[in-house]
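What follows is one structure encoded as structure tokens, with my remarks underneath.
The values are calculated or read from the model by the stated rules, or taken from the named source; none is laboratory data. Here the structure is a predicted model, which is why all the values come from computation and not from measurement. Here the Cβ is made from the backbone with ideal geometry for all residues, glycine too, and neighbour counts use every protein chain on show. The protein model used for the area step is the full one, side chains on, heavy atoms only, and it has no ligands, DNA or RNA in it. Shrake-Rupley method; radii C 1.70, N 1.55, O 1.52, S 1.80 Å.
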Amino acid sequence: MSRARADEEEYWHSSKFRAFTFDDEDDELSQLKESKRAVNSLRDIVDDDDDDLERVSWSGEPVGSISWSIRETASSSSSSLEGQDSSQQKGSSSYAAFPKQASSYSLSSLFKGEVSPMQYGLPQESLSDIGVKNYAPELRRPKAEYKDYSSDWSPKDTVIRMQRGKVCSLERFRSLQDKLVLLDEAVARHDGNVITAVLIFLKRTLKREILFRELEVRQVALCHLIYFLKETGEQKLLLDLLRTDCASFPFLQLSQYREHLNIQDVEKRREFLKGCIGLPFSAEDSSHIQDHYTLLERQIIIEANDRHLETAGQSEIFRKYPRKASILNMPLVTTLFYSCFYHYTEAEGMFSSPTNLKKTFKIPDKQYVLTALAARAKLRAWEDVDALFTTKNWLGYTKKKAPIGFHRVVEILQRNNAPVQVLQEYVRLVEDVETRLNLATKYKCHDVVIETYRDLKDRIQLTAYKCKVDRGSAEEEKINSILNNMVRKH
């Protein structure tokens, strides 16, 4: 029994890499050096990019690529032990294998000083006197990784490594030519993240004028930069970029203009629209954006004034018809309707005057009449409706004229529940006889129907229509009188 124990101890003490024992408390330093050399010797068979190089279980359990080496070491030790006396091996079963204890610590964590030596049974005072953090520094990062920070990479190699998620320094590219080659390589690789990363570098290291000039012939990179500036909210730089000739695609400016829909604060939206005025839009689009900005300015003024009047109760119309919503950010037609409803009689010099809006925004007569008619009819202001269509010639004679056609006037008045007397007045003004008869019949304007059949001298239709009016009514008497006159003439 003692002989077998002595043979095994001789084997272990004669090995190149000595096992750790708790008995040799005076030789911890030499054991750590041996462990360092053992671990560093594994780097020859481990790939430089292996992320698991630093991890190995203290108990002998392998993790990652280093596990193969430890298993090989264990298997060679087992084959050496098989050469010993088999009877002695069987007799000393207590030394047949090392006990395996679960552990989550690694060799590198010990060398870096991250774990207390007492957790491994090592005396604290023996390790505190030596620089344990200096042992096995190669385990922190493979030497091949240090090339990421060198100046050996070409623009193409740099882009490839960036695609693979490697950390690359772009500061070595100092000349304009190198920076542009780097950008072209990123675009050629069709990787949006790499393109954006290079653009951020160029934005930081190039003058604005030079960057914009070079992007003029690199529209793919330009689109990436515009999107990046939108995401980061750099509106000033974005507007400066869109004002240049490099952003020659109309959809880029229109896309920027549409961003106003995402701005809730009215003052910020007004400033944003003001910044859009100088963008290189087409003539029609530029006019539209200028009108949009002017309209919002008017709405801000009107809203502030009307809110004050409504709160103070100083205006009768606001007391009688309280506002249902704010005028801010409303379309031009809605703003005109609002103005015709609450500010119809104001002088043209007032911003809230309907005639001022019509003149400022060049609203066509048809649109103005339609909107004003709807607003005044809703208020049942029939005198204003009548004045809207009354015109005078140079001799002073008055007549009614509607740029939208009197048939549409009748429809609008009927939707606003206009009295029959008002409807009949405008139905009579419809020139087309068939349309006039249809409208008069539909809206029960009996006098218009009777007068039209009388003018047509249609006794059959008059007789048939007599059945549709109330018996004994004024309309029935009028039909009888017309029929009798027709008989006398014949």
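Yes or no, residue by residue, for (1) at pLDDT 95 or above; (2) surrounded by 17 or more Cβ atoms within 10 Å (Cβ to Cβ); (3) not charged (D, E, K, R):
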| site | (1), (2), (3) |
| --- | --- |
| Ile327 | no, yes, yes |
| Thr335 | yes, yes, yes |
| Ser339 | yes, yes, yes |
| Glu348 | no, no, no |
| Pro354 | yes, yes, yes |
| Tyr368 | yes, yes, yes |
| Ala372 | yes, yes, yes |
| Glu383 | no, no, no |
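Quick grid of which residues meet (1) of a type in the set (Val, Ile, Thr); (2) touching a helix residue (DSSP H, G or I) at 6+ places or on another chain (Cβ under 8 Å):
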residue	(1), (2)
Asp178	no, yes
Val187	yes, yes
Thr196	yes, yes
Glu209	no, no
Glu259	no, yes
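Determine, yes or no, whether Arg298 is of a type in the set (Lys, Arg) and touching a residue at least 40 places away in the same chain (Cβ under 8 Å). Quick ask: steps written out before the conclusion?
Values: of a type in the set (Lys, Arg): yes; touching a residue at least 40 places away in the same chain (Cβ under 8 Å): yes.
Spelling it out, Arg298 is indeed of a type in the set (Lys, Arg) and touching a residue at least 40 places away in the same chain (Cβ under 8 Å).
Residues are listed down the side, and each one gets a yes or a no for (1) open to solvent by 40 Å² or more (accessible area, probe 1.4 Å); (2) in contact (Cβ under 8 Å) with a residue 40 or more places away in the chain; (3) under 24 Å from Arg269 (Cα atoms):
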{"residue": "Trp153", "(1), (2), (3)": "yes, no, no"}
{"residue": "Arg164", "(1), (2), (3)": "yes, no, no"}
{"residue": "Ser175", "(1), (2), (3)": "yes, no, no"}
{"residue": "Asp178", "(1), (2), (3)": "yes, no, no"}
{"residue": "Ala188", "(1), (2), (3)": "yes, no, no"}
{"residue": "Ile200", "(1), (2), (3)": "yes, no, no"}
{"residue": "Glu214", "(1), (2), (3)": "no, no, no"}
{"residue": "Thr232", "(1), (2), (3)": "yes, no, yes"}
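For the range 413-452, which positions are of a type in the set (A, V, I, L, M, F, W, C) and open to solvent by 40 Å² or more (accessible area, probe 1.4 Å)?
Val420, Leu429, Val433, listed by residue number.
How do the helices (runs of 4 or more DSSP H) wholly within the range 287-380 filter down when requiring 1 or more residues that are outside the structural domain of Gly405 (by the TED database) and more than 30 Å from Arg408 (Cα to Cα): which remain?
By residue number, 316-320.
Would you mind stating whether Asn305 is touching a Phe, Trp or Tyr at 6+ places or on another chain (Cβ under 9 Å), more than 17 Å from Arg376 (Cβ to Cβ) and not aliphatic (A, V, I, L, M)?
Details: touching a Phe, Trp or Tyr at 6+ places or on another chain (Cβ under 9 Å): yes; more than 17 Å from Arg376 (Cβ to Cβ): yes; not aliphatic (A, V, I, L, M): yes.
Judged against the criteria, Asn305 is a match.
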